[in-house]
1. Using a 1.4 Å probe and ignoring any ligands, DNA or RNA, find the accessible area of F33 and quote it in Å² to the nearest 10.
2. On the full set of protein chains, 1.4 Å probe, figure out the accessible area of L66 and give it in Å² to the nearest 10.
3. Give me the extension gain from S88 to E53: residue separation times 0.36 nm, minus the current Cα-Cα distance, reported in nm with one decimal.
4. Residue-wise, which Karplus ³J(HN,Hα) couplings in Hz belong to the stretch 31-39, taking 6.51 cos²θ - 1.76 cosθ + 1.60, θ = phi - 60°, and x for glycine or proline?
5. From the backbone phi of the stretch 90-102, what are the Karplus-calculated ³J(HN,Hα) couplings (6.51 cos²θ - 1.76 cosθ + 1.60, θ = phi - 60°) in whole Hz, Gly and Pro given as x?
6. I'd like the FRET efficiency for T60 and N99, computed as 1/(1 + (r/R0)^6) with the beta carbon distance as r and R0 of 41 Å, rounded to 0.05.
7. Keeping all protein chains in place, calculate the accessible area per residue for the stretch 53-102 (probe 1.4 angstrom), answer in Å².
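The values are calculated or read from the model by the stated rules, or taken from the named source; none is laboratory data. What you see is a predicted model; the values in this text were computed from it and never measured. Here the Cβ positions follow ideal geometry from the backbone for every residue, glycine too, while neighbour counts run over all protein chains shown. The area values use the complete protein model at the heavy-atom level, side chains included, leaving out ligands, DNA and RNA. Shrake-Rupley method; radii C 1.70, N 1.55, O 1.52, S 1.80 Å.
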Amino acid sequence: MFIVPISRMPGIESLEKISGADEAMQKTSGKNFESVLGDAIKQVEEAQQASDEADELLATGGIDDLHTAMILAEQSSAAVEFTTQLTSRVVNAYNQIMNMQI
């Protein structure tokens, strides 16, 4: 059995380096949380519009296949559920951060 020897651990980096890493992450990813949430909301709106259009076409006889309208309705429902969960988790995380004692 091989025992790993104890070695010196690296020290904690300064706060300037940590904040610089945060800025570098935002630059490399190219998107911040606001743009990601905005894109998600746009996708939800587009999915709802497509579902509404398919429902209207189905009601007026514009399309014959019910399964297409049902698929679009389920996609819209899943997008709304995802956005709702994302929003509630963000609010929960914000509340936890604000309740932290410094």
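1. Per-residue accessible area (F33): approximately 100 Å².
2. Here the residue's solvent-accessible area equals roughly 100 Å².
3. Extra length from S88 to E53 when fully extended: 9.7 nm.
4. Once θ is set to phi - 60°, the couplings for the stretch 31-39 become 9, 9, 5, 4, 6, 5, 5, x, 5 Hz.
5. Each residue of the stretch 90-102 in turn: 5, 5, 4, 5, 4, 5, 5, 5, 5, 8, 5, 8, 9 Hz.
6. On the way: r = 53 Å, r/R0 = 1.29.
Between T60 and N99 the formula returns 0.20.
7. Working: 4150 Å² over 50 residues.
I get 83 Å² per residue for this part.
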